[in-house]
Amino acid sequence: MSEEIKGGWWGGMQVALGVQGMIILTTCIGYGALARETGLSSWMAIASTGIIWALPSQLVFAELYLVSASGAAILLAVMITNMRFLPMVVSLLPIIRGRAPQRWRLFLAAQFVAVTPWAVAMRDCPKMNEEERLPYLLGMGGTLWILGTVLTGVGYLLAVNLPTYINLGLVFLMAIYWMLLFIDIRQREIVIAVICGAILGPLVYLQFPQWSLMITGFVGGTLAFFVDARLRNKGGGHEQ
Amino acid sequence: MSSEQVWWLILGSFVVTYFWRGIGVLMSTRVNVEDSIFRWVSCIAYAMLAALVSRMIFLPAGPLEQTYLYERLLACGLALLVYFVFRRNLILSLLAGVGAIILLRMP
């Protein structure tokens, strides 16, 4: 194993054990606690984190299960909630692919793409050597994935003693976390996309709750893309 | 719903989730980082995420429905304040925001 590859794995694992790990730790504990309230068994909660690995859709799953929604409605809701992974993987992979990747590693890396690992990889990978990038994502994603799955079980067990008000704080943590990530974005078209999404999201949700994420993403993202292109043509000095 | 059905649903959720990830891997070979399409799908992804977060703050579903809008806004405001005052310390900001909700909801 070359030094770069080793460095990538090591760097990814370190990031996972830092701030990001602490966030995953708390959100997975929160999810485990919530899953218990909805009546899922502990192994179901653990397995859902382990194989789905997308917290928002796991919340949707648990919530719909709680209100006895049909299996088809649950699957459709999960599918819609996770459609964001398509553009996320498409945007991340060209950065981490490197020159001659082994295909199975890319498909494994794709399983680890969830909001937090994706945002961290998008931030850090462009600054690294090409060979370091894929090991970085695998090291980070793998570590977070193992931690998150185990801690879902821990949260489930803790839930017996965890009062509702603490649980509410843990659930809201994700919203605060993403809001803070958005604040640091400097790329103009992404800033516009975030603003469009934040404004349109709740409005569209009122009309089309099931489809609001897809509609907002498509409309807001496309709008942002064209507004940015327009500003570019006017010589707006786009840097990134 | 029987427990066997729930297990099938969890497995089904994996399939419909990995579907997007797998398609993403297959599609990405044809996209260059500098391509317009790449920038467009990034915009879509971020608009979706922003919509999800904005909805959690303004129109939450599930357990957060128990909280009031002013409580959620207060938590966000406090987190932002701490973030800028303490030089973008993420953990401290999260503690402030989550702590605000917990303190407000504490019986």
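The values are calculated or read from the model by the stated rules, or taken from the named source; none is laboratory data. What you see is a predicted model; the values in this text were computed from it and never measured. Here the Cβ positions follow ideal geometry from the backbone for every residue, glycine too, while neighbour counts run over all protein chains shown. Surface accessibility is based on the protein's heavy atoms, side chains included, excluding ligands, DNA and RNA. Shrake-Rupley method; radii C 1.70, N 1.55, O 1.52, S 1.80 Å.
Here are the numbers for the structure shown:
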| item | result |
| --- | --- |
| Pair B:Gln66, A:Ser70: separation of 7 Å Cα→Cβ label points (nm) | 3.1 nm |
| Accessible surface of segment A:120-170, 1.4 Å probe, proportion on carbon and sulfur as whole % | 65 percent |
| Centre separation in Å (Cα based) which lies between segment A:179-237 and segment A:120-166 | 27 Å |
| Computed log₁₀ I(q)/I(0) - Debye formula, equal Cα scatterers, no solvent, segment A:185-240, q 0.16, 0.17, 0.26 Å⁻¹ | -0.49, -0.54, -0.93 |
| Cβ charges +1 (Lys, Arg) and -1 (Asp, Glu), total dipole of chain B, debye | 280 debye |
| Chain B: relative contact order as a whole-number percent, Cα under 8 Å and 6+ apart | 15 percent |
| B:Tyr18 - accessible surface, heavy atoms, 1.4 Å probe, Å² rounded to 10 | 50 Å² |
| Charge-dipole axis of chain A as Lys and Arg at +1 and Asp and Glu at -1 on Cβ define it, positive-most pick from A:Gly148, A:Tyr177, A:Trp211 | A:Trp211 |
| At R0 = 22 Å, FRET efficiency that the Cβ-Cβ distance of A:Ile183 and A:Trp10 yields, to 0.05 | 0.15 |
| Interface burial for A against B (accessible surface, 1.4 Å probe, total of both chains, Å², rounded to 100) | 7600 Å² |
| For chain A, size of Cβ-based charge dipole, Lys and Arg +1, Asp and Glu -1, in debye | 420 debye |
| Cα lying deepest toward the dipole's positive end in chain A, options A:Ala121, A:Val89, A:Ala54, charges on Cβ | A:Val89 |
| ³J(HN,Hα) computed for each position of segment A:193-205 - Karplus, 6.51 cos²θ - 1.76 cosθ + 1.60, integer Hz, glycine/proline x | 4, 5, 5, 4, x, 5, 7, 6, x, x, 5, 5, 4 |
| Per residue accessible area in Å² of segment A:118-159, where ligands, DNA and RNA are left out and the probe is 1.4 Å | 38 Å² |
| Sulfur and carbon atoms: percent of accessible area, segment A:185-240 [1.4 Å] | 66 percent |
| Tensor-based shape of chain B (alpha-carbon gyration tensor, a/c under 1.5 rounded, otherwise prolate or oblate) | oblate |
